[in-house]
Amino acid sequence: MSTRVILRSPFGDTVTRDIADGCWVDPVGDADRTLGEGYWAVPGLVDAHSHLATAELPARGHRPGVLDEATERARDALAAGVTLLLDKGWCDKTVIDLIAAVPESERPAIEAAAQMIAVNEGYYPGFALEIDSSEIASVVAEQAAIGAGWVKLVGDWPRRGQGPVANFTEGQLRQAVRVANESGSRVAIHTQARDVPSMAVAAGVHSIEHGLFLTDSDIATLGEREGMWVPTLLRIEETIAQLGAESSGGRLLIEGLDNARRLLPAAFEAGVLVLAGTDLVGTPANVASEAIKLGEYGLSNSQVVETVTTAGFDATGRSSVFGIGASADAVLFPEDPISDLAVLTHPAVVIRKGIVV
């Protein structure tokens with residue numbers, strides 16, 4: 001059965017595409033069915049900071065992944081409209097195995113880091129790949145070879161009585177970026193400290209995860225190179241609730257959220273690719289809620305829709321305009337999501353590789 005799809009973007013353009021071999025092609029002749037008339041279309045929702053291998057346990061799910069469970073989460077994400085997912089690493093390579101095991105039409109497109117890289121006492125004990133920081137170049141090369149396009153560094157971590165402390169120097173971060181670039185991978189960095197975001201930006205790190213203490217200068221630099229910032233606001237708010245707002249860690253994160261609220265609109269205007277990411281809050285199927293939270297922190301409705309849709313495709317070099325030859329992925333909404341952000345949580349039709357999910 002031949003399928004034709006009318007793709008009306010919330011951002012103003014409308015194109016009509018046929019589907020052939022899972023890709024968009026120019027319309028030819030008559031189609032057996034037409035989808036999309038009267039709907040608004042995006043290439044999909046994007047979860048830019050996911051952990052498919054996690055488990056919803058009281059201990060935050062910090063245990064090795066289970067392939068069947070991760071697969072179920074990936075399929076649930078696709079059903080919720082997530083057609084692109086950036087998995088930012090785990091303690092093993094469950095998600096790398098998932099990419100190989102599950103057909104593309106049954107899951108989002110996935111880019112992923114393998115094991116997170118930290119130092120001794122630089123993350124949850126025994127969870128990350130704990131290295132001597134002087135080994136960062138060789139370890140990044142190894143992890144880039146295992147991963148699917150990403151390497152994940154834990155840039156800082158709280159030490160008792162000190163707050164978040166840097167795990168690596170700026171020079172070591174530069175080495176990591178250089179080695180990753182040589183292998184065609186990108187580097188993402190966890191950072192909740194005051195000084196590490198600036199070090200990471202100066203070193204050329206591709207994606208700043210959390211990054212509450214970015215500065216105006218960092219934003220300008222990141223914007224010039226169209227770098228990524230994934231604030232994970234719901235995750236930060238949940239962490240504050242866990243720590244207590246009056247604890248030293250809670251107060252630090254509240255200060256960081258205030259800074260993020262100030263910077264987010266400016267970051268978007270400066271060309272930073274602000275992206276939505278679920279981290280460990282719910283599952284990737286919850287990414288629309290993170291996008292809506294970005295609106296509460298100062299982004300316009302149009303900017304919110306961009307952060308959770310086209311920006312992630314642009315950031316990873318994919319077509320965000322239903323280009324000829326691109327994967328036939330689309331999510332259709334009965335209303336314009338820019339007019340009503342809540343519609344992002346209820347897609348009407350999800351198409352992945354030309355197949356209606």
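Please treat every number below as a calculation from the coordinates, not as lab data. The structure presented is a predicted model; accordingly, all values stated were derived computationally and were not measured. In this analysis, Cβ positions are derived from the backbone assuming ideal geometry, glycine residues included, and neighbour counts consider all displayed protein chains.
Would you be so kind as to identify which of 271, 254, 227 lies farthest towards the positive end of the dipole of the chain, taking Lys and Arg as +1 and Asp and Glu as -1 on Cβ and the Cα centre as origin?
The Cα lying farthest towards the positive end belongs to 254.
Identify, among 70, 137, 172, the residue whose Cα sits farthest towards the positive end of the charge dipole of segment 44-315, taking +1 on the Cβ of Lys and Arg and -1 on the Cβ of Asp and Glu, with the dipole about the Cα centre.
Farthest along the dipole direction, towards plus: 172.
Most fluctuating residue of 347, 197, 103 in a GNM of the chain with Cα springs under 10 Å: which is it?
103
Counting just the Cα atoms, what span does segment 282-357 cover along each of its three principal axes? Round to the nearest Å and put the largest first.
36, 25, 25
Restricting to bridges with both residues inside segment 44-315, how much of the DSSP beta-bridge set is antiparallel, in percent to the nearest 5? Intermediate results must be reported in sequence, preceding the final value.
Working: 4 of 32 bridges.
Given both bridge residues lie in segment 44-315, the antiparallel proportion sits at roughly 10 percent.
Less than 14 Å Cβ to Cβ from residue 297, Lys/Arg counted +1 and Asp/Glu -1: what total charge do the surrounding residues give?
In short, 0.
How long are the semi-axes of the equivalent ellipsoid of segment 44-315, defined as square roots of 5 times the Cα gyration tensor eigenvalues? Whole Å, largest first.
24, 22, 19
Which net charge results for the neighbourhood of residue 210, defined as the other residues with beta-carbon distances under 9 angstrom from its beta-carbon, given Lys and Arg at +1 and Asp and Glu at -1?
With Lys, Arg at +1 and Asp, Glu at -1, the neighbours total -1.
Would you list 209, 296 from fewest to most Cβ contacts within 10 Å?
Values: 209 28, 296 10.
Going from sparsest to densest Cβ surroundings: 296, 209.
With a cut-off of 8 Å between alpha carbons and a minimum separation of six or more residues, what is the relative contact order of segment 44-315 in percent?
18 percent
Distance between the C-alpha centers of segment 283-333 and segment 189-261? Whole Å please.
21 Å
Show me 276-284, 180-188, 129-137 ranked by packing, highest mean number of other Cβ atoms within 10 Å first.
Values: 276-284: 23.9, 180-188: 19.4, 129-137: 15.9.
Per-residue mean Cβ counts within 10 Å order the peptides as 276-284, 180-188, 129-137.
Between 45, 98, 84, find the one with the highest GNM mean-square fluctuation for the chain; connect C-alpha pairs within less than 10 Å.
98
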